[in-house]
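Asker: Mind looking over this structure? Questions follow.
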Amino acid sequence: MSYQIAIDGPAGAGKSTIAKKLAAKLGFVYVDTGAMYRAMALFCLRKGIAAEDEPAVVETVEKLKVIIAYENGVQQVFVDGENVSSQIRTAEVGDMTSRISTYLPVREKMVALQQSLAEVQNVIMDGRDIGTCVLPNADVKIYMTASVRVRAERRYKEYQEKGIPCTLESVEKDVEERDYRDMHRSHSPLRQADDAVLLDTSEMNIDEVVEAMAAIALEKGIVV
Ligand code: DC
């Protein structure tokens, strides 16, 4: 039997930072589902496919062979044999991802892969639909959020550190648009599962959030 911890929430809530730390603390495997959708978006962009062209997006995604592997505990996404992990973190890929992840066949392919990963090992999985759709029976479900301003400030800082030109206002607008799209799509929109614990990280630092989550996990019988 394997344990499952599901973390959902909007972009910039701190899901991946926290999930990585908690996974290391618990000895669980961290599964970043956004990276899988991002890898699909990267390939659509490379082929010059418009996000609105659903048939072309679906045909492309259905043909791609996606493999998740771990190197020194860090998730790597391979598509048709190529490790694309370092190419999927741009704003352009993020925007394309939010658009193509609205298509049902794209979601079905990713969900099947995610479920197969969770069957064989203890996982902390983060995304938008983990508690509601991918792992409905997860042992722990967290819905992690933060105010739009705080999330935009975090993204802005990340981009500045990477030397990506932007303004706080443009990042905030992107965050709002992405939230809207992720929460209003017809297939498994982002929402808090009925049995998920809400964690607002606006006023918390990383260690405080990790501790809060470890305490929630402990309550469910997962011992750190
Ligand atoms: O978490 P992220 O920023 O890497 O996610 C990028 C996009 O992928 C996000 O805007 C919506 C989509 N996504 C999804 O639809 N379902 C998931 N489980 C994870 C991500």
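The values are calculated or read from the model by the stated rules, or taken from the named source; none is laboratory data. Just so it is clear, the structure is predicted and the values come from calculations on it, not from any experiment. Note: ideal-geometry Cβ built from the backbone for every residue, glycine included; neighbour counts use all protein chains shown. Note: areas computed on protein heavy atoms with side chains; ligands, DNA, RNA excluded. Shrake-Rupley method; radii C 1.70, N 1.55, O 1.52, S 1.80 Å.
Asker: Restricting to region 54-111, what's the tally of residues that are out of contact with any helix residue (DSSP H, G or I) (no Cβ under 8 Å at 6 or more places or on another chain) and of a type in the set (S, T, N, Q)?
Answerer: Total meeting the criteria: 4.
Asker: May I pose another question? Which of the following residues is touching a Phe, Trp or Tyr at 6+ places or on another chain (Cβ under 6 Å) and either polar (S, T, N, Q) or open to solvent by 50 Å² or more (accessible area, probe 1.4 Å) (or both): Lys47, Lys20? Quick ask: steps written out before the conclusion?
Answerer: Numbers: Lys47 fails: touching a Phe, Trp or Tyr at 6+ places or on another chain (Cβ under 6 Å).
After applying the criteria, what remains is Lys20.
Asker: Could you run through region 195-212 and say how many residues are part of a helix (DSSP H, G or I) and touching a residue at least 60 places away in the same chain (Cβ under 8 Å)?
Answerer: Quick first cut of region 195-212, residues part of a helix (DSSP H, G or I) only: 206-212.
Narrowing the set further to residues that are touching a residue at least 60 places away in the same chain (Cβ under 8 Å) leaves 206, 209-210.
Of the residues in that region, 3 qualify.
Asker: Looking at region 1-74, what strands (runs of 3 or more DSSP E) fall wholly within it and have at least 2 residues that are over 30 Å from Asp195 (Cβ atoms)? Explain how you work it out, then say what you get.
Answerer: Details: elements: 4-8, 29-32, 66-71.
Qualifying strands (runs of 3 or more DSSP E): 66-71.
Asker: Can we say Lys63 is away from the ligand (no atom under 13 Å from the Cβ), surrounded by fewer than 20 Cβ atoms within 10 Å (Cβ to Cβ) and farther than 18 Å from Ser16 by Cβ?
Answerer: Numbers: away from the ligand (no atom under 13 Å from the Cβ): yes; surrounded by fewer than 20 Cβ atoms within 10 Å (Cβ to Cβ): yes; farther than 18 Å from Ser16 by Cβ: yes.
The answer is yes for Lys63.
Asker: Could you check how many residues of region 28-43 are among the aliphatic types (A, V, I, L, M) and either within 8 Å of the ligand (Cβ to nearest atom) or under 11 Å from Val106 (Cβ atoms) (or both)? Please lay out each step first, then the result.
Answerer: As a first pass, look at region 28-43 and keep what is among the aliphatic types (A, V, I, L, M): 29, 31, 35-36, 39-42.
Those still in the list that are either within 8 Å of the ligand (Cβ to nearest atom) or under 11 Å from Val106 (Cβ atoms) (or both) too: 35-36, 40-41.
Matching residues across region 28-43 total 4.
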